[in-house]
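The values are calculated or read from the model by the stated rules, or taken from the named source; none is laboratory data. On a predicted model such as this, the values are computed, not experimentally measured, just so you know. All Cβ positions, glycine included, derive from the backbone under ideal geometry; neighbour counts span all protein chains shown. With ligands, DNA and RNA removed, areas are computed over all heavy atoms of the protein, side chains included. Shrake-Rupley method; radii C 1.70, N 1.55, O 1.52, S 1.80 Å.
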Amino acid sequence: MNVDGVIAIFRRVLEIEEINADSDFFELGGDSLLATRVLSGVARGSGVELTFDDFLLSPTPGALAKRIGAGE
Amino acid sequence: MRVVVIGAGLAGLSAAARLTEAGAEVTVLEARDRVGGRTHGIEVAPGAWADAGAAYLGDRHTELTALMAALDLKATPTGMVGDSRFELGHGSETRHGRFPPLNAVALGELFDRLAEVTETVRTDAPWLTPDAATLDTTTAADWLEGLSPHPDAKLFFPLFLGEMMAADPAAVSVLHMAFYLRSGGGIRYLNAFEGGAQQDRVDGGAQQICARLAAGLDIRLRRPARAIDSGPDGVTITTDTETFHADSVIVAIPPVLADAIDIRPALAVPRSTTRTAPGCAVKAHLIYPAPLWRDHGLSGWSVNAHGPLLSTVDDSPDGGPGVLTGFVTGAEAHRYAALSPREQRATAIAQAMRLFPFLPEPDGFHVTDWLGETYSRGCYAALFGPGDWTRLGPALTTPHHRVYWAGTETSLEFFGLMEGAIRSGHRAAADILTDKQRTTS
Ligand SMILES: Cc1cc2nc3c(=O)[nH]c(=O)nc-3n(C[C@H](O)[C@H](O)[C@H](O)COP(=O)(O)OP(=O)(O)OC[C@H]3O[C@@H](n4cnc5c(N)ncnc54)[C@H](O)[C@@H]3O)c2cc1C
């Protein structure tokens with residue numbers, strides 16, 4: 001999954017349109033419940049299962065896409 | 001115009017206050033020897049109060065917030081600073097934040113499905129939701145099974161529904177679950193403390209809202225209403241010892257209790273059915289000299305797979321003692337309510353000491369069993385079981401002769417919450433005033 005795929009998931013889950021590769025999920029009001037919905041979206045789209053801690057360390061679409069790439 | 005209001009909870013008192021402002025002569029009949037209903041304070045130390053009933057509110061609870069301001073009551077944040085504790089089957093763990101140490105992808109899948117089903121519900125008329133027939137006949141427990149859930153989702157789902165709506169998934173329809181979650185602002189809002197439905201508490205306890213509302217009203221305590229007779233000239237309300245006459249009556253009590261009143265002419269549609277279940281909540285309060293967990297970097301928040309305390313929250317009043325509130329909900333509430341007071345105390349304290357090993361024996365211990373309250377019959381609110389929304393929903397707010405309906409279970413907005421109770425009271429008062437205008441003009 002590329003950055004655009006992750007951006008699309010952020011948009012859907014946060015219900016915010018203005019998301020770019022550097023948007024920080026938690027600064028945009030994302031909480032742990034919504035974070036799990038990003039991770040399930042990532043798993044469905046790429047087959048990569050990340051943990052909550054992975055997401056805390058990579059809370060932007062850019063950083064998350066890199067982690068997904070490493071797992072694919 | 002004379003109006004009798006049955007029930008001195010938030011709904012009845014809000015209605016009574018509105019009608020009084022509009023010039024009506026209002027009498028409130030209350031079964032208990034106190035006002036407040038499902039809001040109730042216990043004094044845990046001199047001048048320090050804990051909420052045995054409703055406690056939390058958020059920004060979207062606009063009527064509640066406005067009422068508090070009008071009554072000169074302040075909100076105090078439910079601070080949640082520090083790490084959380086979890087006992088989810090493999091010993092106890094400390095984690096940063098509120099996220100449980102469970103498979104995040106599995107929980108995400110569960111929340112995705114919950115969000116989907118929640119978004120389909122028509123909150124203005126849940127019984128008209130597309131697919132209502134299926135959603136109303138399936139229990140939340142069967143719905144979960146149908147998703148072939150991951151074991152972690154299976155473990156978490158009853159804890160989540162317990163926390164959100166004090167429900168055993170086997171007792172509620174999917175329609176009720178989805179309606180409740182949407183009516184309260186969605187899963188994310190209902191689940192959140194900061195920025196969500198648990199952001200604040202009422203400083204000094206939620207019962208103060210009722211006490212202050214009641215101050216200016218004619219309230220008769222220890223007067224359970226037994227019968228209501230509507231006739232061409234008015235309505236008569238009978239208690240064990242007296243009768244009251246009025247032009248209209250507002251029934252502002254939970255649906256199962258409304259059905260215990262003998263209403264003549266009889267209702268075409270009852271207020272509840274045999275599937276309508278009580279919400280299952282017992283609150284335990286453990287009182288310490290101070291919020292000692294904070295010294296250990298802990299927030300007091302915990303989530304536990306085994307009871308009695310399925311979750312704990314720091315409800316300490318500012319500058320007062322440490323108050324750790326334990327929630328016993330869903331099926332676990334039935335088990336716990338059946339224990340002797342000594343066993344209730346011993347099991348709750350033992351669990352608190354497992355979660356927070358540095359805690360001493362508490363200075364005080366209080367259990368409030370809402371299942372056993374004759375005049376609540378369950379909490380946080382009634383749970384609509386399979387078929388209930390289809391059968392009861394269309395008549396939920398429809399006046400019957402001179403009888404009007406209020407109570408949080410008649411509110412399509414924030415159903416089950418204090419906000420819903422207040423909105424329902426305001427709606428019933430407005431209905432009476434509108435109908436009155438129509439007949440006099
Ligand atoms: C443990 C617990 C936790 C909760 N947590 C929250 C929370 O954090 N936030 C939130 O917003 N909400 C919460 N709630 C829900 C909230 O308390 C209710 O939604 C709200 O208080 C209901 O108000 P009401 O006026 O509709 O009903 P009630 O408060 O039940 O009032 C009905 C009144 O009618 C009286 N009565 C019953 N039968 C008769 C009769 N025949 N004649 C005369 N009087 C009668 C009763 O004694 C009662 O005083 C919680 C509830 C509980 C119990």
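Quick notes
- Test for A:ILE19: is it in a loop (DSSP other than H, G, I, E, B), among the β-branched types (Val, Ile, Thr) and either buried (at least 20 other Cβ atoms within 10 Å of the Cβ) or more than 11 Å from every other protein chain (Cβ to nearest Cβ) (or both): yes
- Residue list for region B:75-90, filter: within 16 Å of the ligand (Cβ to nearest atom) and farther than 30 Å from B:LEU13 by Cβ: B:MET80
- Which numbered condition B:GLY234 fails, given (1) over 29 Å from B:ALA48 (Cβ atoms); (2) open to solvent by less than 40 Å² (accessible area, probe 1.4 Å); (3) among the small types (Gly, Ala, Ser); (4) near the ligand (Cβ under 10 Å from one of its atoms): (4)
- Subset of region B:126-181 that is assigned to a helix (DSSP H, G or I) and of a type in the set (Gly, Ala, Ser) - its residue that is nearest to B:LEU110 (Cα to Cα): B:ALA153
- Candidates A:GLY41, A:GLY71, A:GLY29 - the one that is more than 11 Å from the chain's Cα centre (by Cα) and at the interface with another protein chain (Cβ under 9 Å from one of its Cβ atoms): A:GLY29
- The lone exception for B:ALA348 - which of (1) part of a helix (DSSP H, G or I); (2) out of contact with any strand residue (DSSP E or B) (no Cβ under 9 Å at 6 or more places or on another chain) it fails: (2)
- Subset of region B:61-74 [out of contact with any helix residue (DSSP H, G or I) (no Cβ under 7 Å at 6 or more places or on another chain) and within 12 Å of the ligand (Cβ to nearest atom)]: B:THR65
- Taking first residues from region B:352-379 that are within 16 Å of the ligand (Cβ to nearest atom) and aliphatic (A, V, I, L, M) and partners that are open to solvent by 60 Å² or more (accessible area, probe 1.4 Å) and part of a loop (DSSP other than H, G, I, E, B), the Cβ contacts under 9 Å between residues at least 6 apart in sequence or on separate chains come to B:LEU371/B:ARG377.
- Matching option when the condition is out of contact with any strand residue (DSSP E or B) (no Cβ under 6 Å at 6 or more places or on another chain), within 12 Å of chain B (Cβ to nearest Cβ), within 23 Å of B:ASN191 (Cα to Cα) and exposed (fewer than 15 other Cβ atoms within 10 Å of the Cβ), among A:THR36, A:THR51: A:THR51
- Residues of region B:40-55 that turn out to be in a strand (DSSP E or B) and either touching a Gly at 6+ places or on another chain (Cβ under 7 Å) or buried (at least 24 other Cβ atoms within 10 Å of the Cβ) (or both), as a count: 7
- Looking only at residues of region B:401-422 that are more than 10 Å from the ligand (Cβ to nearest atom) and open to solvent by 30 Å² or more (accessible area, probe 1.4 Å), we find that the one that is nearest to B:ALA22 (Cα to Cα) is B:ARG402.
- Restricting region B:118-148 to residues that are within 14 Å of another protein chain (Cβ to nearest Cβ) and under 25 Å from the mean Cα position of the chain (by Cα) leaves a set whose member that is most open to solvent (accessible area, probe 1.4 Å) is B:GLU119.
- Scanning region B:1-38 for residues that are open to solvent by 10 Å² or more (accessible area, probe 1.4 Å), hydroxyl-bearing (Ser, Thr, Tyr) and within 10 Å of the ligand (Cβ to nearest atom) gives no hits.
- Annotation note: of B:GLU43, B:GLU93, the sole residue that is more than 16 Å from the ligand (Cβ to nearest atom), out of contact with any helix residue (DSSP H, G or I) (no Cβ under 7 Å at 6 or more places or on another chain) and under 30 Å from B:ARG220 (Cβ atoms) is B:GLU43.
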